[in-house]
Amino acid sequence: MPAIITLSGNITYDFVPHAAEQDGLDYTATVARPGRGLLVELLDANNQVLTSTISSQTGAYSLNATRDKLVRVRVKAQLLSESDNSAQWDFKVTDNTSNNSVYAMAGSLLAANEATAVRDLNASSGWSGAAYTQPRVAAPFAIIDAIFTGVERLLAVDDALQFPSLELRWSEDNNTADGDLALGEIATSFYSSDLNAIYILGSENDDTDEYDRHVILHEWGHYIEAKLSRSDSIGGSHQSDDKLDFRVAMSEGFSNAFSAMLLDDPVYRDTSGVQQSDDFRIAVNRIDNTVRGWYSEASVQSIFYNFYVSDTNKTARDIADVFTVIRRDNYINSDAFVSIYLFAEQLRAADPTVTPTINSLLIGQNIAITDRFGADESNSGGAAAHLPIYKTLPLNNTAVNVCSTNNQGAYNKLGVSQFLLLNVVSAGNYRITAAESGTVSSDSDPNMYLYFRGEILQEATSAMVGSETLTHSLLPGAYVLELVDDRAVRDDFNGNAYACFDVRAFQLN
Ligand SMILES: [Zn+2]
């Protein structure tokens, strides 16, 4: 008898699809899907790892065991590249309510022999008809399998991609309360660059997102932007018909479209509610959006998705047309913020033949065909003060007047942040001042942030009423100054904030 027994089997998980004809999840249509690309380990009786492998595209694995040894197979909710692979990745689903431990499922401890050589593992949903009454083993495997789809699509573009490692933190306790992440009070599914993690809702009868692949891949889109491209988003709450800070509109519109592109499904769906029977949908390919413009996430996602499906020369839709543009050096190192203008500019530069396509999509969303600064934009979004998007700030102490307001909402809505462009020719120390103009309010609080290629170099955020000063030494180059009235930033400010400021800059020495 051979001394080695080859154990093999298939990894599957229960996938609960969206209902075709109604809102919510359809548990009656639950289907076993292959657990692809997963880390599969062979454990001894003391749970020590003896050997490991990665499951195939069909969820198949095989591992060698010593005959008659007591062993069990464990599969983790973790996608791991082979160490000799040119592309590298490590994505895992962890439990933020349990010290971020990795989710796994394990088979029985059995002696390795011919009779036990086939060992299949299925992660079950835990649904029993009206509620989750059993452990929700499938949830982390559903999450990681959505990520597998994304990885696979991007590897087809670049087979040497280096994905920075990322945790996807899910728990059945992750709920819509806003509080302690370790208690599951995550408020919403979100990506955090600082925490290097995506948090995903899982609270039954409240909001679960483990089967909402658009939601998972939307958040993964934020990770892709942040780690493999560039995002200048300031985050915050947002909706399709908001007039947003254009950096936020870009990031959210991109991520909505990105999930739809990866899934080849333009209907973004997010289920929630009692028995997961409610549904929120966005048609990301919609053209006649209520709010159209450079400040609209609906416009941005419509442009991305419709550009993606516009390519009739190829047999398959190709994410490369989008992904290679956001990976360009001139995109990542842009002096202007990342916006739909920058994307369009870099797309035209990468492939001039698509210029008519992107230009017509821009026009369809009331967005000008112009440079990465949006210099020729004429759609103000309702207030002339919003244009030009970047006001040139001369470096000779000449005042430029800008106005900050919360009249479209606080923090990340259009009109809160004002942008000025500084073209520095001679290196030196520069001082920038802001002073309220016109009828002076008694409580305006201007704050300023100086950026180079999207990175904050210096901030001036004193609580001084009506004025602010920022000093920084600058090398030749293009810099962006953001000015806000802190009253317009704050969610807790009662009433209308509207204040205008004279901004001046000059070289000190
Ligand atoms: Zn988002």
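The values are calculated or read from the model by the stated rules, or taken from the named source; none is laboratory data. Computed from a predicted structure; not experimentally measured. Positions of Cβ are backbone-derived with ideal geometry, glycine not excepted, and every protein chain shown enters the neighbour counts. Remember, those area values only see protein heavy atoms, side chains included, never the ligands or the DNA or RNA. Shrake-Rupley method; radii C 1.70, N 1.55, O 1.52, S 1.80 Å.
Quick check: the angle from helix 138-157's long axis to the longest principal axis of the chain, C-alpha only, nearest 10 degrees? For 138-157 against the chain, the angle is about 60 degrees.
Distance between the C-alpha centres of region 320-341 and region 347-426: 16 Å, rounded to the whole angstrom. Ranking E377, E345, E114 from most to least accessible surface, computed with a 1.4 Å probe over the protein chains only, gives E114, E345, E377. Taking a sphere under 13 Å around the Cβ of D44 and counting the other residues whose Cβ falls inside, with K and R at +1 and D and E at -1, yields a net charge of +1. Largest first, the three principal axis extents of the alpha carbons in the chain are 90, 47, 47 Å in whole numbers. Taking all Cα pairs closer than 8 Å and separated by 6 or more residues, the relative contact order of the chain comes to 10 percent.
Rounded to whole Å, give me the distance from the Cα center of region 448-467 to that of region 5-59. If we compute the Cα centre of each part, the gap is 49 Å.
The radius of gyration of the Cα set in region 126-249, together with its Dmax, comes out at 15.6, 45 angstrom.
Scaling against 2.2 N^0.38 Å puts the C-alpha radius of gyration of region 231-294 at 1.20.
In angstrom, the C-alpha Rg and Dmax of region 385-507 are 13.7, 44. The spacing between region 170-207 and region 64-132, judged by their C-alpha centroids, is 24 Å. Placing unit charges on each Cβ (+1 for Lys and Arg, -1 for Asp and Glu) gives region 385-507 a dipole about its Cα centre, and among V440, A463, A427 the Cα reaching farthest toward its positive end belongs to A427. For the chain, the longest principal axis of the C-alpha atoms and the axis of helix 246-263 are separated by about 30°.
What does the accessible area per residue of region 385-507 come to in Å², with a 1.4 Å probe and no ligands, DNA or RNA counted?
On a per-residue basis, 42 Å².
For region 385-507, the Cβ-based charge dipole about the Cα centre amounts to some 400 debye (Lys, Arg positive; Asp, Glu negative; other atoms uncharged).
Roughly how many percent of the accessible protein surface of the chain is carbon and sulfur, given a 1.4 Å probe and a whole-percent answer? Answer for the chain: carbon and sulfur cover 47 percent of the accessible area. Evaluated with a Cβ-only charge set (Lys, Arg +1; Asp, Glu -1), the chain carries a dipole of roughly 1060 debye about its Cα centre, given to the nearest 20.
Taking Cα centre as origin and charging only the Cβ of basic (Lys, Arg, +1) and acidic (Asp, Glu, -1) residues, the dipole magnitude of region 53-117 rounds to 200 debye. Entry note, region 399-509: relative contact order of 44 percent, from Cα contacts under 8 Å with a spacing of 6+ residues.
When 1/r is averaged over all different Cα pairs and the result inverted, which Kirkwood radius in Å belongs to region 13-145?
16.2
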